[in-house]
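Asker: Below you'll find the structure I mean.
Please treat every number below as a calculation from the coordinates, not as lab data. Everything numeric in this text was worked out from a predicted model, so none of it was measured. Cβ sites come from the backbone with ideal geometry, for glycine too, and all protein chains shown count toward neighbours.
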Amino acid sequence: MFIAPSLLSCDFSRFGEEIARMDKAGADYMHLDIMDGHFVPNLTFGAPVIKWVRKYSDKPFDVHLMISEPLKYIDDFAEAGADIITFHVEAQSDIKETIDKVKSHGIKVGLVIKPKTPAEAVFPYLQDLDMVLVMSVEPGFGGQSFMADMLPKVTSIREEADRLGLEGFLIEIDGGIGESNIRLAKEAGVDICVAGTSVFKAEDAKAAIENLKALCE
Ligand code: DX5
Ligand code: ZN
């Protein structure tokens, strides 16, 4: 299992150092949550901040756009150093055009579905995607409880990706992941778990990440 610590739970007065700390702790990806106060009822940061902290780790930056009209901002995030950009199928954007815009930068692209959105919403696009991100909480805030009833969506996306013969297709899950549920995520077909609270609230982030991975073996 790959672990992507969500920096939403970090000490933002030391953002760069927090990224370096997660790198040393064994993070596989850096998960960066972008919120616009419109698509979700919360605000975080934008592309210039990512540009500033990019140098603190060589791990892939997994940028989760919780914003309306993502198409307008793809160039900014790609140029700031994103390695993967995911955007919501529910956001007001031409989905195919937005996928192509991300790909034009030579980076990975994924679609995200909110808890109330069915798995089938991403099926028409699967062959154009590198990843699907399944939200296991309502997007907007860290520290919420994991919704186990999202796991069947993971399994049906995995089955559809297999049916289409997609190689290296990744499924990520985001929200409330910790030691009580990571094994279930693995069994459902998840490749990457986002973990905010469970990694940042731990006294020893390295031990927390190792423990999460060990629980999937
Ligand atoms: C929520 C964000 C998540 C969040 C995860 O909208 O997309 O990435 O930070 O945090 P935890 O693991 O605390 O649920
Ligand atoms: Zn996220």
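Asker: Residues being away from ligand 2 (no atom under 16 Å from the Cβ) and either over 19 Å from Arg21 (Cβ atoms) or among the aromatic types (Phe, Trp, Tyr) (or both): count how many of those fall in segment 183-217.
Answerer: The total comes to 10.
Asker: Now for a separate question. From the list Pro5, Pro48, which residue is within 16 Å of ligand 1 (Cβ to nearest atom), of a type outside the set (Phe, Trp, Tyr) and closer than 28 Å to Glu90 by Cβ?
Answerer: Sole residue among the options that is within 16 Å of ligand 1 (Cβ to nearest atom), of a type outside the set (Phe, Trp, Tyr) and closer than 28 Å to Glu90 by Cβ: Pro5.
Asker: Scan segment 120-141 for residues that are of a type in the set (Ser, Thr, Tyr) and within 16 Å of ligand 1 (Cβ to nearest atom) and jot them down.
Answerer: Listed by number, the list holds a single entry, Ser136.
Asker: For segment 18-47, which positions are farther than 17 Å from Ala202 by Cα and assigned to a helix (DSSP H, G or I)?
Answerer: Ala47
Asker: Any residue that is away from ligand 1 (no atom under 11 Å from the Cβ), surrounded by fewer than 19 Cβ atoms within 10 Å (Cβ to Cβ) and part of a loop (DSSP other than H, G, I, E, B) - is there at least one of those in segment 147-165?
Answerer: Yes: one or more hits.
Asker: Also, I was wondering about something else. Have a look at Ile3, Ile50 and point out the one that is within 15 Å of ligand 2 (Cβ to nearest atom) and not in a helix (DSSP H, G or I).
Answerer: Ile3
Asker: Sort out which residues of segment 187-217 are within 16 Å of ligand 1 (Cβ to nearest atom), of a type in the set (Lys, Arg) and surrounded by 15 or more Cβ atoms within 10 Å (Cβ to Cβ), and write them in order of number.
Answerer: Within segment 187-217, Lys213 is the sole residue that qualifies.
Asker: Of all residues in segment 53-84, which are away from ligand 1 (no atom under 16 Å from the Cβ), closer than 17 Å to Asp100 by Cα and either of a type in the set (A, V, I, L, M, F, W, C) or not in a helix (DSSP H, G or I) (or both)?
Answerer: Within segment 53-84, Glu69, Leu71, Ile74, Ala78, Asp83 meet the criteria.
Asker: Does Gly176 meet the test of being of a type in the set (Gly, Ala, Ser), within 11 Å of ligand 2 (Cβ to nearest atom), surrounded by 15 or more Cβ atoms within 10 Å (Cβ to Cβ) and within 22 Å of Leu65 (Cβ to Cβ)?
Answerer: Criteria not met by Gly176.
Asker: Please work out which residue is surrounded by the most Cβ atoms within 10 Å (Cβ to Cβ), limiting yourself to segment 6-17 and to residues that are within 17 Å of the chain's Cα centre (by Cα) and either without any contact (Cβ under 8 Å) to a residue 24 or more places away in the chain or not in a helix (DSSP H, G or I) (or both).
Answerer: Ser6
Asker: Quick one: would you say Thr117 is out of contact with any Lys or Arg (no Cβ under 7 Å at 6 or more places or on another chain) and within 16 Å of ligand 1 (Cβ to nearest atom)?
Answerer: yes
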